[in-house]
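The values are calculated or read from the model by the stated rules, or taken from the named source; none is laboratory data. Everything numeric in this text was worked out from a predicted model, so none of it was measured. Cβ placement follows ideal geometry from the backbone for every residue including glycine, while neighbour counts extend to all protein chains displayed. SASA here: full protein model, heavy atoms, side chains in, ligands and nucleic acids out. Shrake-Rupley method; radii C 1.70, N 1.55, O 1.52, S 1.80 Å.
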Amino acid sequence: MAVASFTIAIDGPAAAGKGTISNAVAAHFGFAHLDTGLLYRAVGRRTLEGADPVSAAQTLTAEDLDQGDLRTAEIAQAASKVAVIPEVRAALVDFQRAFARRAGGAVLDGRDIGTVICPRAEVKLFVTASAEVRAERRFLELDAKGHQVTRAQVLADVRERDARDAERSTAPMKPAEDAVILDTSDLSIDAALARAIEVIEPVLP
């Protein structure tokens, strides 16, 4: 399906399933996909190596996004911390907006896509789930990779990130007023994807 530009903004907290849904939606419609959280994870990774966060954001390269360790819990926490810095967010806005309006359609997932990055996106979804469900998903993911963590630690991390993301002064995480809320607490991946497609298809050109 060829479209000039069509933006799908998918926001939500950590481990709600927005990345999985975004990837699947992009594949279903043949759109490009950008996990904007990787931008912040890449900046966070560089700060752990001693870089200034604003400079890291301003000089971010495609190679930084290809680092294989961007999904660790340590880098997730670093990403959440640099994401509250207004200058870091400003440095990454233009990249995201250009991607969003590329020819052929784009799916972007993050925490402020529908509210700040692409407020005029044709479709906005806010994917969420209870903190307990999200923590269990993240625990199983980390445990499978051999990380030594407990369920209690992961739940505490999830709640800490939620609070930091929702309470930051710049671009706090919240649903856009016209976003469709998709609660995945009791949904399978297939069911969540089907619901997302139901929302998107009627709006397509």
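In table form, for the structure just shown:
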| item | result |
| --- | --- |
| Residue within the stretch 92-99 that is among the acidic types (D, E) and within 20 Å of G114 (Cα to Cα) present | yes |
| Criterion: within 26 Å of P175 (Cβ to Cβ), of a type outside the set (D, E, K, R) and at pLDDT 90 or above - qualifying residue of A27, A14, A51 | A27 |
| Search result, residues across the stretch 72-97 that are open to solvent by 70 Å² or more (accessible area, probe 1.4 Å) and either over 17 Å from the mean Cα position of the chain (by Cα) or without any contact (Cβ under 8 Å) to a residue 40 or more places away in the chain (or both) | E74, E87, D94, R97 |
| Residue match in the stretch 6-13 (condition: assigned to a helix (DSSP H, G or I), open to solvent by less than 10 Å² (accessible area, probe 1.4 Å) and in contact (Cβ under 8 Å) with a residue 60 or more places away in the chain) | no |
| Residues of the stretch 117-148 that turn out to be in contact with a helix residue (DSSP H, G or I) (Cβ under 9 Å, 6 or more places away or on another chain) and among the small types (G, A, S), as a count | 4 |
| Of all residues making up the stretch 156-190, the number that are open to solvent by 60 Å² or more (accessible area, probe 1.4 Å), basic (K, R) and over 15 Å from the mean Cα position of the chain (by Cα) | 1 |
| Tally of residues being in a helix (DSSP H, G or I) and either closer than 12 Å to A83 by Cα or within 13 Å of the chain's Cα centre (by Cα) (or both) across the stretch 18-44 | 14 |
| Test: residue in the stretch 191-205 that is open to solvent by 30 Å² or more (accessible area, probe 1.4 Å), outside any helix (DSSP H, G or I), in contact with a helix residue (DSSP H, G or I) (Cβ under 7 Å, 6 or more places away or on another chain) and closer than 17 Å to A24 by Cβ | no |
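Conditions tested, residue by residue: (1) aromatic (F, W, Y); (2) in a helix (DSSP H, G or I); (3) over 13 Å from the mean Cα position of the chain (by Cα).
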{"site": "F99", "(1), (2), (3)": "yes, yes, yes"}
{"site": "R102", "(1), (2), (3)": "no, no, yes"}
{"site": "R120", "(1), (2), (3)": "no, no, yes"}
{"site": "L125", "(1), (2), (3)": "no, no, no"}
{"site": "R134", "(1), (2), (3)": "no, yes, yes"}
{"site": "R137", "(1), (2), (3)": "no, yes, yes"}
{"site": "Q153", "(1), (2), (3)": "no, yes, yes"}
